[in-house]
1. Would you please name the residue that is least open to solvent (accessible area, probe 1.4 Å), looking only at residues in segment 31-70 that are over 11 Å from the mean Cα position of the chain (by Cα) and charged (D, E, K, R)?
2. Would you pick out the residues in segment 36-45 that are closer than 22 Å to V82 by Cβ and of a type in the set (D, E, K, R)?
3. Pull up segment 74-107, narrow it to residues that are surrounded by 15 or more Cβ atoms within 10 Å (Cβ to Cβ) and touching a Lys or Arg at 6+ places or on another chain (Cβ under 7 Å), then point me to the one that is nearest to G16 (Cα to Cα).
Amino acid sequence: MKKVSCATELKIAIVGCGAWGMALAYLLGSQGYRVAVWSESKEAADAVNRGEPHPALPGAQVSDSIRASNSLEMVVSGSNLVVVAVASRFMRETAHKLAQIITESQV
């Protein structure tokens, strides 16, 4: 696995746009990391891209380094690190989708 030396070189994919996934995205984005967030919902992804904070996280600072998409492949592609933060009831379905696109270097 390629070692990444600084925040600006590291691209992190967060699979899940709920409160837990967005809390991680806000924290990592505030530290300068490039963060791509996946949501199955286009509307939720669009809200993130407009800079709207998650309803469960009022007052959260939305960094410009956070982008969202409802395309799992787009979010995961080129990421150095993939974090899965979906509700447990969606884990099996999400894992099956990820298995089709994730690479060995991202595991």
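1. Here the answer is D46.
2. Quick first cut of segment 36-45, residues closer than 22 Å to V82 by Cβ only: 36-42, 44-45.
Those that are closer than 22 Å to V82 by Cβ and of a type in the set (D, E, K, R): E40, K42.
3. S79
The values are calculated or read from the model by the stated rules, or taken from the named source; none is laboratory data. Just so it is clear, the structure is predicted and the values come from calculations on it, not from any experiment. Virtual Cβ from ideal backbone geometry, glycine too; neighbours counted across all protein chains shown. For accessibility, only protein heavy atoms count, side chains too; no ligands or nucleic acids. Shrake-Rupley method; radii C 1.70, N 1.55, O 1.52, S 1.80 Å.
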